[in-house]
Amino acid sequence: MTGKSRHWLSRDDRVAFWEQVRAGLTVEQAAQASGVSLAAGRRLFSKAGGVIDNAPKPASDTYLTLAEREEIMLLHTQKVRNAEIARRLGRHRSTIGRELNRNSTPSRGYRASGAQHTAEQRAARPKTAKLAANPELRQRVQEDLLARWSPEQISARLRQQFPDQPEMRVSHETIYQSLYVQGRGALRRELTACLRTG
């Protein structure tokens, strides 16, 4: 273990790991380079189904970072006014006020790590997979897979057949994810046997 939490890695930790994977490192090398445990690296890789596009990307400048939340916590405990905290961080004072109101408790006050975890949970907002939400589209894709069409061919065929119905189109990446990625499995797992290359 490298001292990182087993149960929760910050977005920054997860992004750092995936940046190493994108750079061409193995899971083991990426875990070591980013400072996460090997077990955590394997969990991150498995959770994304080994698909880099499923990995978290750096947060937008719109949202507070963990470092900013730690600074807010430190200054708030020193009784620095919200307006001054905002000035030091280059943020609007209403952002600081909302952050403190939303993530403070009467018993513990404001805790940066808890606020960061809560913010990341709120931001996750998992969407229903397109194939899970559209039974007609799912049926068409399953029939084409059984007919030994590749996901690329299915995607192209749907674009031709439904040029004016975007809800009846799906990318080949979405089909692969639905077959292989845990939590995105709108298609029956046994349909993977229909893929030409396995």
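The values are calculated or read from the model by the stated rules, or taken from the named source; none is laboratory data. Owing to the predicted nature of the structure, the values given are computational and were not obtained by experimental measurement. Using ideal geometry, Cβ is built from the backbone for each residue, glycine included, and neighbour counts are taken over all protein chains shown. Quick note on the areas: whole protein, heavy atoms, side chains included, nothing else; ligands and nucleic acids left out. Shrake-Rupley method; radii C 1.70, N 1.55, O 1.52, S 1.80 Å.
Would you mind getting the accessible area per residue of the stretch 12-53, heavy atoms of the protein chains only, 1.4 Å probe, in Å²?
Accessible area per residue, the stretch 12-53: 53 Å².
At a Förster radius of 25 Å, what calculated FRET efficiency corresponds to the Cβ-Cβ distance of LEU74 and ALA33, to the nearest 0.05?
0.30
Highest mean first, how do 94-101, 78-85 rank when packing is the count of other Cβ atoms within 10 Å averaged over residues?
Top of the packing list down: 94-101, 78-85.
Count charges around GLU71 for me, please; just the other residues with Cβ under 13 Å from its Cβ, Lys/Arg as +1, Asp/Glu as -1.
Combined, the nearby Lys, Arg, Asp and Glu give 0.
For the residue pair ARG148 and ALA83, what label-to-label distance in nm results when each label sits 7 Å from Cα along the Cα-to-beta-carbon direction?
7.5
Determine the per residue accessible area of the stretch 63-135 with all protein chains present and a 1.4 angstrom probe, expressed in square angstrom.
Result: 67 Å² per residue.
Please give the FRET efficiency for GLU19 paired with ARG122, using the beta carbon to beta carbon distance and R0 = 30 Å, rounded to the nearest 0.05.
Step by step, r from the Cβ atoms, then E = 0.80.
Net charge within 13 Å of TYR110 by Cβ-Cβ distance, Lys/Arg positive one each and Asp/Glu negative one each, not counting TYR110 itself?
+2
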